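The block underneath contains the structure these notes are about, expressed in C-alpha coordinates.
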Amino acid sequence: MKRAVLLAAIVAFATSAQAQQFPTRPVTLIVPWPAGGSTDIGMRALAAATEKHLGQSIVIENRPGAAGTIGPANMAANARPDGYTVAQLPITVFRIPFIQKTTFDPTRDFTYIIHVTGYTFGVVVKADAPWKTFQDLLDHAKANPGKINYGTPGTGTSLHIAMEQIAKRQGLKWTQVPFKGNSEAMNALLGGHIDAVADSSGWAQLVNAGKFRLLVTWGAERTRNWPNVPTLRDVGIDMVSNSPFGIAGPKGMDPKVVKTLHDAFKKGLEEPSYAEAMVKLDQERFYLSSEDYQKFAMQQIDEARRFIAELGLGPKE
(Lines give C-alpha, C1' and ligand atoms only; values in the text may rest on other atoms or scores of the structure.)
Protein backbone atom coordinates (compact mmCIF):
# COMPACT_ATOMS: atom_id res chain seq x y z
CA MET A 1 0.00 0.00 0.00
CA LYS A 2 2.79 2.37 0.96
CA ARG A 3 4.64 1.48 -2.24
CA ALA A 4 1.56 2.33 -4.34
CA VAL A 5 1.17 5.70 -2.61
CA LEU A 6 4.87 6.44 -3.11
CA LEU A 7 4.65 5.50 -6.80
CA ALA A 8 1.62 7.76 -7.29
CA ALA A 9 3.46 10.62 -5.61
CA ILE A 10 6.49 10.11 -7.88
CA VAL A 11 4.29 10.10 -11.00
CA ALA A 12 2.47 13.25 -9.83
CA PHE A 13 5.78 15.00 -9.16
CA ALA A 14 7.19 13.99 -12.56
CA THR A 15 4.02 15.18 -14.32
CA SER A 16 4.15 18.50 -12.50
CA ALA A 17 7.83 18.93 -13.39
CA GLN A 18 7.10 18.24 -17.07
CA ALA A 19 4.29 20.82 -17.01
CA GLN A 20 6.67 23.40 -15.54
CA GLN A 21 9.19 22.80 -18.35
CA PHE A 22 6.67 22.57 -21.19
CA PRO A 23 7.35 22.75 -24.08
CA THR A 24 10.71 21.07 -24.65
CA ARG A 25 9.98 19.87 -28.20
CA PRO A 26 7.75 20.80 -31.18
CA VAL A 27 3.97 20.80 -30.81
CA THR A 28 1.78 19.13 -33.44
CA LEU A 29 -1.33 21.03 -34.52
CA ILE A 30 -3.77 18.78 -36.34
CA VAL A 31 -5.73 20.49 -39.11
CA PRO A 32 -8.63 18.16 -39.97
CA TRP A 33 -8.96 19.51 -43.53
CA PRO A 34 -6.86 19.16 -46.69
CA ALA A 35 -3.85 21.36 -47.29
CA GLY A 36 -4.50 24.57 -49.21
CA GLY A 37 -8.04 25.26 -47.95
CA SER A 38 -9.07 28.26 -45.90
CA THR A 39 -8.70 26.45 -42.54
CA ASP A 40 -5.26 25.15 -43.45
CA ILE A 41 -4.10 28.60 -44.59
CA GLY A 42 -5.40 30.27 -41.44
CA MET A 43 -3.98 27.65 -39.06
CA ARG A 44 -0.56 27.75 -40.72
CA ALA A 45 -0.54 31.54 -40.33
CA LEU A 46 -1.50 31.23 -36.66
CA ALA A 47 1.11 28.53 -36.03
CA ALA A 48 3.84 30.69 -37.57
CA ALA A 49 2.73 33.70 -35.52
CA THR A 50 2.62 31.66 -32.30
CA GLU A 51 5.93 29.79 -32.47
CA LYS A 52 8.10 32.63 -31.17
CA HIS A 53 5.82 33.05 -28.16
CA LEU A 54 5.75 29.31 -27.44
CA GLY A 55 9.49 28.84 -27.79
CA GLN A 56 9.07 25.76 -29.98
CA SER A 57 7.99 25.10 -33.55
CA ILE A 58 4.39 24.12 -34.31
CA VAL A 59 4.09 21.37 -36.90
CA ILE A 60 0.90 21.26 -38.99
CA GLU A 61 -0.47 17.78 -39.65
CA ASN A 62 -3.39 17.53 -42.10
CA ARG A 63 -5.86 14.75 -41.26
CA PRO A 64 -8.96 15.38 -43.39
CA GLY A 65 -12.14 13.33 -43.43
CA ALA A 66 -15.57 12.84 -41.86
CA ALA A 67 -16.47 16.54 -42.06
CA GLY A 68 -13.42 17.57 -40.08
CA THR A 69 -13.90 15.10 -37.22
CA ILE A 70 -11.36 12.34 -38.00
CA GLY A 71 -8.39 14.38 -36.79
CA PRO A 72 -9.91 15.43 -33.44
CA ALA A 73 -11.35 11.92 -32.92
CA ASN A 74 -7.93 10.30 -33.44
CA MET A 75 -6.36 12.84 -31.09
CA ALA A 76 -8.98 12.16 -28.40
CA ALA A 77 -8.44 8.42 -28.69
CA ASN A 78 -4.67 8.21 -29.07
CA ALA A 79 -2.80 11.37 -28.04
CA ARG A 80 -1.24 11.78 -24.62
CA PRO A 81 -2.62 14.78 -22.70
CA ASP A 82 0.81 16.35 -22.46
CA GLY A 83 0.17 19.35 -24.73
CA TYR A 84 2.29 18.14 -27.62
CA THR A 85 -0.72 17.23 -29.78
CA VAL A 86 -3.61 19.66 -30.23
CA ALA A 87 -6.19 20.13 -32.98
CA GLN A 88 -8.33 22.70 -34.70
CA LEU A 89 -11.83 21.84 -33.52
CA PRO A 90 -14.50 22.52 -36.15
CA ILE A 91 -18.06 22.92 -34.98
CA THR A 92 -18.94 19.61 -36.67
CA VAL A 93 -17.33 17.88 -33.68
CA PHE A 94 -20.34 19.10 -31.67
CA ARG A 95 -22.88 17.88 -34.26
CA ILE A 96 -21.69 14.57 -35.67
CA PRO A 97 -22.44 12.61 -32.44
CA PHE A 98 -26.14 13.44 -32.99
CA ILE A 99 -26.02 12.33 -36.65
CA GLN A 100 -24.09 9.08 -36.35
CA LYS A 101 -22.24 6.94 -33.84
CA THR A 102 -18.83 8.36 -32.90
CA THR A 103 -15.84 7.27 -30.84
CA PHE A 104 -15.77 10.56 -28.94
CA ASP A 105 -18.03 12.67 -26.75
CA PRO A 106 -17.39 16.42 -27.13
CA THR A 107 -18.67 17.07 -23.60
CA ARG A 108 -15.85 15.08 -21.99
CA ASP A 109 -13.13 14.00 -24.44
CA PHE A 110 -11.44 17.35 -25.15
CA THR A 111 -9.58 20.03 -23.24
CA TYR A 112 -10.70 23.38 -24.66
CA ILE A 113 -7.66 25.65 -24.98
CA ILE A 114 -8.59 28.77 -26.95
CA HIS A 115 -11.30 29.94 -29.33
CA VAL A 116 -9.92 31.63 -32.42
CA THR A 117 -12.23 32.80 -35.20
CA GLY A 118 -15.07 31.93 -37.55
CA TYR A 119 -15.45 31.58 -41.29
CA THR A 120 -16.84 33.71 -44.06
CA PHE A 121 -19.27 31.40 -45.82
CA GLY A 122 -20.94 31.86 -49.17
CA VAL A 123 -22.48 30.12 -52.18
CA VAL A 124 -20.63 30.22 -55.48
CA VAL A 125 -21.49 29.08 -59.01
CA LYS A 126 -19.46 29.14 -62.21
CA ALA A 127 -19.21 32.55 -63.85
CA ASP A 128 -21.14 31.32 -66.90
CA ALA A 129 -23.94 29.72 -64.84
CA PRO A 130 -27.48 30.93 -65.65
CA TRP A 131 -28.10 32.12 -62.06
CA LYS A 132 -27.11 35.75 -61.62
CA THR A 133 -28.46 36.02 -58.06
CA PHE A 134 -29.12 33.69 -55.15
CA GLN A 135 -32.85 34.21 -55.71
CA ASP A 136 -32.38 32.88 -59.25
CA LEU A 137 -30.82 29.73 -57.79
CA LEU A 138 -33.62 29.37 -55.25
CA ASP A 139 -36.29 29.80 -57.92
CA HIS A 140 -34.65 27.18 -60.14
CA ALA A 141 -34.33 24.73 -57.24
CA LYS A 142 -37.98 25.23 -56.32
CA ALA A 143 -39.08 24.60 -59.91
CA ASN A 144 -36.80 21.54 -60.24
CA PRO A 145 -36.92 19.59 -56.95
CA GLY A 146 -33.73 17.69 -56.20
CA LYS A 147 -32.03 18.71 -59.46
CA ILE A 148 -29.61 21.32 -58.06
CA ASN A 149 -26.48 19.60 -56.74
CA TYR A 150 -24.40 21.62 -54.28
CA GLY A 151 -21.00 20.72 -52.84
CA THR A 152 -19.99 21.04 -49.18
CA PRO A 153 -16.98 19.95 -47.08
CA GLY A 154 -19.09 17.12 -45.68
CA THR A 155 -22.31 15.91 -44.11
CA GLY A 156 -23.01 17.63 -40.80
CA THR A 157 -20.83 20.66 -41.55
CA SER A 158 -22.25 24.14 -41.05
CA LEU A 159 -22.49 24.45 -44.84
CA HIS A 160 -24.66 21.33 -45.12
CA ILE A 161 -26.81 22.26 -42.15
CA ALA A 162 -27.39 25.84 -43.32
CA MET A 163 -28.22 24.80 -46.89
CA GLU A 164 -30.82 22.36 -45.57
CA GLN A 165 -32.23 25.03 -43.24
CA ILE A 166 -32.54 27.36 -46.25
CA ALA A 167 -34.25 24.64 -48.25
CA LYS A 168 -36.71 23.95 -45.46
CA ARG A 169 -37.57 27.64 -45.03
CA GLN A 170 -37.92 28.19 -48.78
CA GLY A 171 -39.95 25.03 -49.40
CA LEU A 172 -37.51 23.49 -51.88
CA LYS A 173 -35.29 20.45 -52.27
CA TRP A 174 -31.72 20.28 -53.49
CA THR A 175 -29.05 17.61 -53.25
CA GLN A 176 -25.88 17.78 -51.18
CA VAL A 177 -22.64 16.33 -52.59
CA PRO A 178 -20.13 16.00 -49.72
CA PHE A 179 -16.39 16.39 -50.35
CA LYS A 180 -13.35 15.99 -48.10
CA GLY A 181 -12.45 19.65 -48.40
CA ASN A 182 -12.49 22.90 -50.32
CA SER A 183 -10.16 21.99 -53.19
CA GLU A 184 -12.15 18.90 -54.19
CA ALA A 185 -15.41 20.86 -54.27
CA MET A 186 -13.84 23.70 -56.26
CA ASN A 187 -12.51 21.29 -58.88
CA ALA A 188 -15.90 19.60 -59.14
CA LEU A 189 -17.58 22.95 -59.76
CA LEU A 190 -14.94 24.01 -62.30
CA GLY A 191 -15.49 20.72 -64.10
CA GLY A 192 -19.26 21.19 -64.21
CA HIS A 193 -19.94 18.10 -62.10
CA ILE A 194 -22.03 20.08 -59.58
CA ASP A 195 -24.08 23.27 -59.86
CA ALA A 196 -22.91 25.23 -56.82
CA VAL A 197 -20.63 25.12 -53.80
CA ALA A 198 -21.43 26.26 -50.28
CA ASP A 199 -18.12 26.73 -48.52
CA SER A 200 -15.78 29.07 -46.68
CA SER A 201 -13.64 31.63 -48.47
CA GLY A 202 -11.34 29.11 -50.11
CA TRP A 203 -13.24 30.15 -53.25
CA ALA A 204 -11.92 33.72 -52.95
CA GLN A 205 -9.16 33.45 -55.55
CA LEU A 206 -11.49 31.96 -58.15
CA VAL A 207 -14.16 34.58 -57.43
CA ASN A 208 -11.61 37.37 -57.75
CA ALA A 209 -10.27 35.81 -60.96
CA GLY A 210 -13.75 35.91 -62.50
CA LYS A 211 -14.14 32.12 -62.74
CA PHE A 212 -16.79 31.88 -60.02
CA ARG A 213 -19.73 34.12 -59.17
CA LEU A 214 -20.37 34.70 -55.46
CA LEU A 215 -24.15 34.82 -55.03
CA VAL A 216 -24.54 35.36 -51.29
CA THR A 217 -22.58 35.41 -48.03
CA TRP A 218 -23.81 34.21 -44.64
CA GLY A 219 -22.46 36.71 -42.10
CA ALA A 220 -24.32 39.27 -40.01
CA GLU A 221 -22.96 41.99 -42.30
CA ARG A 222 -21.58 42.20 -45.82
CA THR A 223 -17.94 41.23 -46.19
CA ARG A 224 -14.99 43.58 -46.48
CA ASN A 225 -13.68 41.94 -49.64
CA TRP A 226 -17.01 41.54 -51.49
CA PRO A 227 -19.21 44.38 -50.19
CA ASN A 228 -21.51 44.28 -53.22
CA VAL A 229 -22.55 40.69 -52.53
CA PRO A 230 -25.72 40.44 -50.39
CA THR A 231 -26.03 38.51 -47.16
CA LEU A 232 -28.77 35.95 -46.54
CA ARG A 233 -30.59 38.61 -44.54
CA ASP A 234 -30.34 40.98 -47.51
CA VAL A 235 -32.21 38.47 -49.67
CA GLY A 236 -34.93 37.91 -47.07
CA ILE A 237 -33.58 34.83 -45.26
CA ASP A 238 -33.05 35.68 -41.59
CA MET A 239 -30.00 33.49 -40.95
CA VAL A 240 -26.36 33.98 -39.96
CA SER A 241 -23.77 31.21 -40.13
CA ASN A 242 -20.01 31.50 -39.55
CA SER A 243 -19.11 28.20 -37.85
CA PRO A 244 -16.76 29.51 -35.14
CA PHE A 245 -13.87 27.29 -34.09
CA GLY A 246 -10.97 26.96 -31.70
CA ILE A 247 -8.08 24.75 -30.63
CA ALA A 248 -8.36 21.84 -28.21
CA GLY A 249 -6.34 18.96 -26.85
CA PRO A 250 -7.21 15.55 -25.45
CA LYS A 251 -8.96 15.37 -22.08
CA GLY A 252 -6.96 15.50 -18.87
CA MET A 253 -4.36 18.12 -19.79
CA ASP A 254 -2.45 19.81 -16.96
CA PRO A 255 -3.86 23.34 -16.38
CA LYS A 256 -0.32 24.78 -16.47
CA VAL A 257 0.23 23.33 -19.97
CA VAL A 258 -3.16 24.62 -21.09
CA LYS A 259 -2.25 28.11 -19.87
CA THR A 260 1.10 28.03 -21.67
CA LEU A 261 -0.57 27.05 -24.95
CA HIS A 262 -3.43 29.51 -24.47
CA ASP A 263 -1.12 32.43 -23.75
CA ALA A 264 1.13 31.67 -26.74
CA PHE A 265 -1.78 31.28 -29.17
CA LYS A 266 -3.40 34.45 -27.84
CA LYS A 267 -0.22 36.39 -28.58
CA GLY A 268 -0.16 34.75 -32.01
CA LEU A 269 -3.68 36.05 -32.66
CA GLU A 270 -2.37 39.56 -32.06
CA GLU A 271 0.55 39.30 -34.51
CA PRO A 272 0.27 41.48 -37.66
CA SER A 273 1.15 38.51 -39.88
CA TYR A 274 -1.88 36.56 -38.64
CA ALA A 275 -4.14 39.61 -38.92
CA GLU A 276 -3.03 40.00 -42.54
CA ALA A 277 -3.94 36.37 -43.29
CA MET A 278 -7.37 36.87 -41.72
CA VAL A 279 -8.02 39.90 -43.94
CA LYS A 280 -7.26 37.82 -47.04
CA LEU A 281 -9.65 35.11 -45.85
CA ASP A 282 -12.21 37.72 -44.73
CA GLN A 283 -12.36 36.19 -41.25
CA GLU A 284 -12.94 38.05 -37.99
CA ARG A 285 -11.14 37.32 -34.73
CA PHE A 286 -13.39 35.59 -32.19
CA TYR A 287 -11.25 35.07 -29.10
CA LEU A 288 -12.44 33.18 -26.03
CA SER A 289 -10.35 32.11 -23.04
CA SER A 290 -10.05 28.45 -22.09
CA GLU A 291 -12.83 28.74 -19.51
CA ASP A 292 -15.15 30.70 -21.79
CA TYR A 293 -14.46 28.36 -24.71
CA GLN A 294 -15.46 25.39 -22.53
CA LYS A 295 -18.77 27.10 -21.69
CA PHE A 296 -19.34 28.12 -25.32
CA ALA A 297 -18.72 24.53 -26.48
CA MET A 298 -21.34 23.15 -24.09
CA GLN A 299 -23.86 25.70 -25.39
CA GLN A 300 -23.08 24.77 -28.99
CA ILE A 301 -23.53 21.07 -28.21
CA ASP A 302 -26.97 21.73 -26.73
CA GLU A 303 -27.97 23.77 -29.79
CA ALA A 304 -26.67 21.07 -32.13
CA ARG A 305 -28.78 18.44 -30.40
CA ARG A 306 -31.87 20.56 -30.94
CA PHE A 307 -31.52 21.56 -34.60
CA ILE A 308 -30.26 18.15 -35.77
CA ALA A 309 -33.51 16.76 -34.39
CA GLU A 310 -35.53 19.58 -36.01
CA LEU A 311 -34.01 18.89 -39.45
CA GLY A 312 -34.46 15.14 -39.11
CA LEU A 313 -30.76 14.44 -39.68
CA GLY A 314 -30.32 12.13 -36.71
CA PRO A 315 -29.91 8.37 -36.91
CA LYS A 316 -32.90 6.58 -38.43
CA GLU A 317 -34.57 4.04 -36.18
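Scan region 198-221 residue by residue and report those that are under 15 Å from residue 280 (Cα atoms) and either touching an Asp or Glu at 6+ places or on another chain (Cβ under 8 Å) or surrounded by fewer than 16 Cβ atoms within 10 Å (Cβ to Cβ) (or both). Once the filter is applied, which keeps residues that are under 15 Å from residue 280 (Cα atoms) and either touching an Asp or Glu at 6+ places or on another chain (Cβ under 8 Å) or surrounded by fewer than 16 Cβ atoms within 10 Å (Cβ to Cβ) (or both), region 198-221 yields 201, 204, 205, 208, 209.
Quick one: in region 68-87, of everything that is of a type outside the set (A, V, I, L, M, F, W, C), crowded, with 23+ Cβ neighbours inside 10 Å and under 17 Å from the mean Cα position of the chain (by Cα), which residue is nearest to residue 157 (Cα to Cα)? The selected residue is 68. In this structure, residue 249 does satisfy being at pLDDT 95 or above and open to solvent by less than 30 Å² (accessible area, probe 1.4 Å). Within region 27-67, take every residue that is part of a strand (DSSP E or B) and among the aliphatic types (A, V, I, L, M) and give me the one that is most open to solvent (accessible area, probe 1.4 Å). Selected residue: 59.
Say we look at region 169-197 and pick out the residues that are under 15 Å from residue 135 (Cα atoms) and not in a loop (DSSP other than H, G, I, E, B); which of these is most open to solvent (accessible area, probe 1.4 Å)? Among residues in region 169-197 that are under 15 Å from residue 135 (Cα atoms) and not in a loop (DSSP other than H, G, I, E, B), the one most open to solvent (accessible area, probe 1.4 Å) is 169. Among the residues making up region 100-152, those that are surrounded by fewer than 14 Cβ atoms within 10 Å (Cβ to Cβ), of a type in the set (Lys, Arg) and more than 19 Å from residue 168 (Cα to Cα) are 101, 108, 132. Inside region 252-271, residues that are assigned to a helix (DSSP H, G or I) and open to solvent by 70 Å² or more (accessible area, probe 1.4 Å) make up a count of 4.
Residue 274 falls short on exactly one of the conditions (1) crowded, with 19+ Cβ neighbours inside 10 Å; (2) farther than 18 Å from residue 44 by Cα, and that condition is (2).
Residue selection: residue 96 fails the criterion of being open to solvent by 30 Å² or more (accessible area, probe 1.4 Å), β-branched (Val, Ile, Thr) and part of a helix (DSSP H, G or I). For region 153-165, the count of residues that are open to solvent by 50 Å² or more (accessible area, probe 1.4 Å) and within 14 Å of residue 194 (Cβ to Cβ) is zero. Scanning region 242-285 for residues that are touching a residue at least 60 places away in the same chain (Cβ under 8 Å) and basic (Lys, Arg), we see that the one that is farthest from residue 113 (Cα to Cα) is 280. Scanning region 216-241 for residues that are free of Cβ contacts under 8 Å to residues at least 60 places away in the same chain and outside any loop (DSSP other than H, G, I, E, B) yields a single hit, 231.
The values are calculated or read from the model by the stated rules, or taken from the named source; none is laboratory data. Predicted, not measured: the structure shown is a model, and the values here were computed from it. As a convention, Cβ positions derive from the backbone with ideal geometry for all residues, glycine included, and neighbour counts pool all protein chains shown. What goes into the accessible areas is simple: the full protein's heavy atoms, side chains included, and nothing from ligands, DNA or RNA. Shrake-Rupley method; radii C 1.70, N 1.55, O 1.52, S 1.80 Å.
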